[in-house]
Structure formats: structure tokens, C-alpha cells
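Colleague: To start, I am sharing the structure in question, which I have written as C-alpha cells.
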């Protein structure tokens, strides 16, 4: 009888994820645009403590992928947070066209919750930032996310006793991970400070005000991004000046990259285009841990830290560049410093850590062409004026523009014209999709009406497009570019490369669980990022997030 009771208790523990000593802290580290292979690409020059800690000590899912088609920042972060696909959590793109307002909507904008720092609107204030799109308001909140997050479920389970925070340079990287119940801080390039909105606070905590007032950026003024190691040790040491790299005004495309003076135009943006952005994020995260007493009691806390510089560097210089190589080497030391601090304050054995990425990234076409790849850039702005679309307008009797706008990855048709003339939208969508597939660089175009009716093929790419479809937010035709083809124009600035496809280089990311006495192992079966949040929930015996569709990764439970 005793044996039976022991077996039942052990089985119950395994199934619920409950343990006698739950972790004091769940630390979720997300690296923006960290393709799965980048984790080990320069590992020979990465000492213990950073990425090597995860590879040596963690449960490494070495074949992890996002299962949605539009691999952009908010889409990936929301998926990691909720365990849901964009079709459920609603973050179908960094921006989408809102039919009700007639405006392009930035994912987490919310006019009801203004920033606490006046004039700190990150997007509107820095027109030289190539990866930001201006929102209609400076307000930010998580209310547009339609599913709960793991952090929400933790807060609900503990009746709000768990301290829940998200930190990032990017607002969407912090807000999405903190969920609806947590608190988020992000870096305002306009203010040169970490900020938040009235959704979270009526006024800044005193320690945040003091941290910003101490001017932590001063040490970068008049300095430059220089190589952190012996130049002869770099794989790309002889390729510092590649023609496809973006020459940011005042920053250049060769080392050293000057930050300029603290009051110069672009100073704060240049910091985020370099390892400095992640270093600043680290320092703020450490201050938050100390001042909010994270992981200092018996109730499990949650801290999400999203490092953004890898994404910025990837866009401007590409992943196969000297800049990307040095940035990863420096990020490795930044993560090592974060883990060391958490070990000192909380203890890694008392911390469940998970490392992943919101998406991967492509190579710059210029770096692939010498190897025989026929790749280039796509220009959707030219589509509506092409002869094929002129013929479509004639066919359907449309005298105005047929395409109202293109917001990646969706074509939005001029629905008012179609409605006024009684034209069947499904027929037009299909005709547009068929014509788009004839354009250079377009691999697939899918009618949203066909997606809603389930009239698509059952292939991996089509399934990824279905996972991205949301009735109220998706456009009328989803466009998939050919592998390594993408839009390189960011509001007038030509960038080296852009992610956002269903191809493996964009979906491939690391998922590694570590700390909390987990036993190191490497698993090569394919898993998906929707599995991360339900696994965290199961480990702590929580209800999975409301929209979660992922599976529990059993190795973490064992």
C-alpha cells in the first residue's frame, strides 16, 4: 500500500509540475533576431557563463521553430508569451491597417494610456531609426493582445503576489512579455530614458526616476563602438566594408562606429544599433531586480528581459558581417553578467530560465549572390501600377486604385470601391492573388476569403499562413516572398535585410530551459515556440494561457 501511495504522489507531481520547492524566479530571456544557428556560430570565442551556460547546463531544443508565417517582432514575442498563434493572440504584424479607423495601427498603441514622460514617443521622435514605424499615439498598453500570457496566469494563480515585469529597448518587446497583469519598461530614444505608460503606473517609482536622473548614457557620449576582441580572431575581420551594408548617417558602415555627443541627433539611436543597447538594458534590469526585490520571497516572480540590438544590427549590416559577429560576442558577455547577477541575488538553482527568440533572420542578398543565389528585393509600391493590375481593374470595372495599401505581409484592397460597385470580393482576392504570384520575388499569394473558408492546401507554408490569419486584423491577400527575397525599404532607408517570412531561416530560433536543477540534454525533434508558455505553466502547476495551442515539453517536466 505504501508503494502505491508513493507511486500516485510521484505521478501526480509529474503531471502537475508541482514541486516541493518552486522556483523563486522565472527569468525569460528573449534575443531579438537570434537565428538558431547564431547561438553556436562564434562559440569558440565565447567563454563560460553566457550562451555556453545554456548549451552546457540546459535542456536545448535544437530544432525549434515558430509555426506562423509573419515572423516579425511583436508576432514572435506575443507567441512566446501566450503559447498561441497570431490567429488567436491577434498580433498578426508589427502594424496592420484598421478598417474601422482607416489608419495603420502600431501593434500596442493605445491612446488611453499615455507615456509618463512627455515627448518620449519612441517612434515619432527618431525618423532616422530604420526599424520603427510611427504610431498614431504615444500611448502604449497590452490591451490589443487577445490571449492571456504565462505571466498573467502566474499573477492570477498567486492573487497578484507574484511580481511580474518586462524590460526591453523595444516597447513591444517589454509590453508583450509583461502581459496584462505585469508592468513594463522600455527605452525611449527621444528621452534617452527607460519609460512606461499610465497603464502601469500613475507616476514613476522613485528608483526609476533616480536611475534615469543618474544619466546612465553619459559614459557613451563622445565614444564609439569598437571591436571587443583581437581583430585577427574574427571570422569576418577582413570584410568590414561590405557594399550591401547600410551606411547610417553619422554612424557609417565600418569600425569604429561613432555614437557622437550626447546632445547630437541620433545619439540614442546609435546606441541601440550597437551592443550598448543591450548593456543599458542589462543595467536597468539589474536595478529593477534590486529595487523591486525580485525573487526574494517564497512566491515565484517573473522577469522578462528582451535584448534588441541583435535585431537592429542584423537589419543594418546583416548576420554575416563583422558588426553582427562582434555584437553577438558582446551580447554573450551581457547575458553572462545578467546570469551572474541573478545567481548572486536569487541563485540559479532557484531560478527557472528560458532562452529563445522572437524570430530568426535572412542573409543579405549581396552576401548570397557570390554563391550563385538569384535573390533580390521586392517593391510592393509598384504593384498597383503594373500592367497586370491595370488589366484587373479593367476586368472588374475599377477606375481607382485596386490596392489601398500594403502593410507586410498583407495586401489591403480598396473595399469601399468593391462594395459600391457590388463586386464579389472573394473573386477579386483570388484574381489578385493569381496575378501577384507572377511577380518577381513572390512565391505565394493567398486570398483571406479562401483562408476563412478552409480552401487552402495542407502544406507547411499554407499552415503557417493559416496560423497568421485573424478575421478582424488580417488583410485581404497574404503575400509570401521567395526565399531570401524581401522588402528592403524602411520609410526611405535601404536596409541590408529584413525578416518576416515562413522560411526556415526566419522561423528557426533557440529554445533552451536552464537553472532550477534541470538536467542538461539536447533534443533534436522539431518543437515550436507555442510550446514554451504551456511548458512554463505546467512546470509551475498553472493553467495554460487562454489561447495556448502548444504542447508541454516533457523533458522539462522530467
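The values are calculated or read from the model by the stated rules, or taken from the named source; none is laboratory data. If you're wondering where the values come from, they're calculated on a predicted model, not measured in any experiment. Here the Cβ is made from the backbone with ideal geometry for all residues, glycine too, and neighbour counts use every protein chain on show.
Colleague: Got a number for residues in the stretch 412-458 being without any contact (Cβ under 8 Å) to a residue 60 or more places away in the chain, surrounded by fewer than 15 Cβ atoms within 10 Å (Cβ to Cβ) and assigned to a helix (DSSP H, G or I)?
Modeller: Number satisfying all stated conditions: 6.
Colleague: Right, another one. Give the residue, chosen from 328, 282, 339, that is crowded, with 24+ Cβ neighbours inside 10 Å and closer than 27 Å to residue 56 by Cβ.
Modeller: Values: 282 fails: crowded, with 24+ Cβ neighbours inside 10 Å; 339 fails: crowded, with 24+ Cβ neighbours inside 10 Å.
None of the other options fit; the residue is 328.
Colleague: I've got another one for you. Have a look at 159, 144, 69, 78 and point out the one that is within 23 Å of residue 26 (Cα to Cα), assigned by TED's automatic domain parsing to the domain that holds residue 528, modelled with pLDDT of 95 or more and buried (at least 18 other Cβ atoms within 10 Å of the Cβ).
Modeller: Residue meeting the stated conditions: 78.
Colleague: Please specify each residue of the stretch 210-262 satisfying the condition of being in a helix (DSSP H, G or I) and either outside the structural domain of residue 318 (by TED's automatic domain parsing) or surrounded by 14 or more Cβ atoms within 10 Å (Cβ to Cβ) (or both).
Modeller: 211, 212, 220 - these are the residues of the stretch 210-262 that are in a helix (DSSP H, G or I) and either outside the structural domain of residue 318 (by TED's automatic domain parsing) or surrounded by 14 or more Cβ atoms within 10 Å (Cβ to Cβ) (or both).
Colleague: When you scan the stretch 459-469, do you find a residue that is outside the structural domain of residue 84 (by TED's automatic domain parsing), part of a loop (DSSP other than H, G, I, E, B), surrounded by 18 or more Cβ atoms within 10 Å (Cβ to Cβ) and touching a residue at least 12 places away in the same chain (Cβ under 8 Å), even just one?
Modeller: Yes, some residue in the stretch 459-469 is outside the structural domain of residue 84 (by TED's automatic domain parsing), part of a loop (DSSP other than H, G, I, E, B), surrounded by 18 or more Cβ atoms within 10 Å (Cβ to Cβ) and touching a residue at least 12 places away in the same chain (Cβ under 8 Å).
Colleague: Tell me whether the stretch 385-403 contains one or more residues that are on the phi > 0 side of the Ramachandran plot and part of a loop (DSSP other than H, G, I, E, B). Step through it out loud before you land on a result.
Modeller: Here is the first cut: in the stretch 385-403, the ones on the phi > 0 side of the Ramachandran plot are 397.
Remaining after also requiring part of a loop (DSSP other than H, G, I, E, B): 397.
Yes - at least one qualifying residue is present in the stretch 385-403.
Colleague: If the requirement is being surrounded by fewer than 23 Cβ atoms within 10 Å (Cβ to Cβ) and free of Cβ contacts under 8 Å to residues at least 24 places away in the same chain, which of these qualifies: 297, 344? Spell out how you get there, then give the answer.
Modeller: Details: 297 fails: free of Cβ contacts under 8 Å to residues at least 24 places away in the same chain.
Within the list 297, 344, the selection yields 344.
This table checks each residue for (1) surrounded by fewer than 19 Cβ atoms within 10 Å (Cβ to Cβ); (2) more than 22 Å from residue 513 (Cα to Cα); (3) at pLDDT below 95; (4) in contact with a strand residue (DSSP E or B) (Cβ under 8 Å, 6 or more places away or on another chain).
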site: 39; (1), (2), (3), (4): no, no, yes, yes
site: 54; (1), (2), (3), (4): no, no, no, yes
site: 59; (1), (2), (3), (4): no, no, no, yes
site: 63; (1), (2), (3), (4): yes, no, no, yes
site: 83; (1), (2), (3), (4): no, no, no, no
site: 100; (1), (2), (3), (4): yes, yes, yes, no
site: 115; (1), (2), (3), (4): no, yes, no, yes
